[in-house]
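The values are calculated or read from the model by the stated rules, or taken from the named source; none is laboratory data. Quick caveat: nothing in here was measured; it's all calculated off a predicted structure. Quick reminder, even Gly has a Cβ in these numbers, built from the backbone with ideal geometry, and neighbours come from all protein chains shown. Quick note on the areas: whole protein, heavy atoms, side chains included, nothing else; ligands and nucleic acids left out. Shrake-Rupley method; radii C 1.70, N 1.55, O 1.52, S 1.80 Å.
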Amino acid sequence: MRISTTTLESYRLFMQPDQDWMPEDELLATIRGEFAGNHRVWLGQAFGSVLEHPERYQVQGGYRVQPRGCSEVFALGDDAMAPALQLIDRPRTVFEAKAIGKYAGHDVVAKADQIVGAHVTETKATLSPFDFEKYATGYQWRFLLDIFQAPLVTYHVFCLFESAQNGVIELRGIETFNLFPYAELRRDCEALVQEFEAYVDAKGLRSVLDARQEAAA
């Protein structure tokens, strides 16, 4: 099967015993490639689009972005985007770098937000209060470290808020931290893929991911 790390992370989050915000229909749509997104996802896409191509979206006082397939237009203020843009080593940065690793006999596709040499950076935008454990317990960074053979993954989390007056998205603060490889990292990644495989088989969705693998080949 061909599986993205974002799909694996969605599965992992859904399986958490205390989660009550992701309905199973949303997870199944994600596996089938049918999930269209939501406000949180579209905000992240808009933020990433400005980081990659600021000149395309710049307007007076900030940036305006309408993600593909989204009816919303996001207004991102200069105060929110300028600190993020300053963190990018633009001449050397590769955006949306993709690589594939083999786990439990399946292809897992990882996509790094930014990579410079062997240094992987993930840039996240959130409207929620910062929660380090949310990121540290995730698995996207583990697959990124293993697949890219990176010495570390640096996270820049931009905590944002939407102005009630004009809807402009402004910056509350920036949280930066690093995550590193550990001895059992690959074993943990393999275990998650095996658990996901069992779930996919139970839901009768293996053919969807097999077809994705055949199309890629």
**Fill in**
For segment 138-217, shape from the Cα gyration tensor axes a ≥ b ≥ c, cut at a/c of 1.5 then a/b versus b/c, turns out oblate
**Prompt:** What is the helix-to-structure angle for 206-216, meaning the angle in degrees between its Cα long axis and the longest Cα principal axis of the chain, kept from 0 to 90 and rounded to the nearest 10?
**Reply:** 70 degrees
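Please work out the Cα convex hull volume for the chain and give it in Å³ per residue.
Expressed per residue, the convex hull around the Cα atoms of the chain is 140 Å³.
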**Highest-fluctuation residue, HIS119, HIS106, HIS53 considered, GNM on the chain with Cα pairs under 10 Å** = HIS53
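Probe radius 1.4 Å, ligands and nucleic acids ignored: give me the carbon and sulfur share of the accessible area of segment 32-121 as a rounded percent. Working shown, then result.
Working: 2300 of 4790 Å².
That fraction is 48 percent.
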**Fill in**
Computed for segment 70-217: size of charge dipole around the Cα centre, +1 on C-beta of each Lys and Arg, -1 on C-beta of each Asp and Glu, debye to nearest 20, value 320 debye
**Message:** For a distance above 25 Å, tell me the whole-number percent of Cα pairs in segment 1-123 that qualify.
**Reply:** 37 percent
**Request:** With a 1.4 Å probe and every protein chain left in place, tell me how much accessible area GLU190 has, in Å² to the nearest 10.
**Result:** 50 Å²
**Prompt:** Largest first, what is the accessible-area ranking of LYS203, LYS124 with a 1.4 Å probe?
**Reply:** LYS203, LYS124
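Write down the Kirkwood hydrodynamic radius of segment 86-176, to one decimal in angstroms, obtained as one divided by the mean of 1/r over all alpha carbon pairs. Mind dumping the intermediate values first?
Working: mean 1/r = 0.0682 Å⁻¹.
Answer for segment 86-176: a Kirkwood hydrodynamic radius of 14.7 Å.
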**Asked** For segment 148-200 and segment 36-75, what is the separation of their Cα centres, given in Å?
**Response** 20 Å
**Request:** Kindly work out what percent of the DSSP beta bridges joining two residues of the chain are antiparallel, to the nearest 5.
**Result:** 70 percent
**Fill in**
For LYS124, the lysines lying under 22 Å Cα to Cα, once residues fewer than eight places off in the same chain are dropped, come out as LYS98, LYS111, LYS134
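Would you please classify the overall shape of segment 96-136 from the alpha carbon gyration tensor, given that a ≥ b ≥ c denote the square roots of the eigenvalues, rounded means a/c under 1.5, and beyond that prolate means a/b larger than b/c while oblate covers the rest?
In terms of gyration-tensor shape, oblate.
How many Å² of accessible area per residue for the chain, probe 1.4 Å?
About 52 Å² of surface per residue is accessible.
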**Request:** Would you mind telling me the share, in percent, of accessible area of segment 122-201 contributed by carbon and sulfur at probe 1.4 angstrom?
**Result:** 50 percent
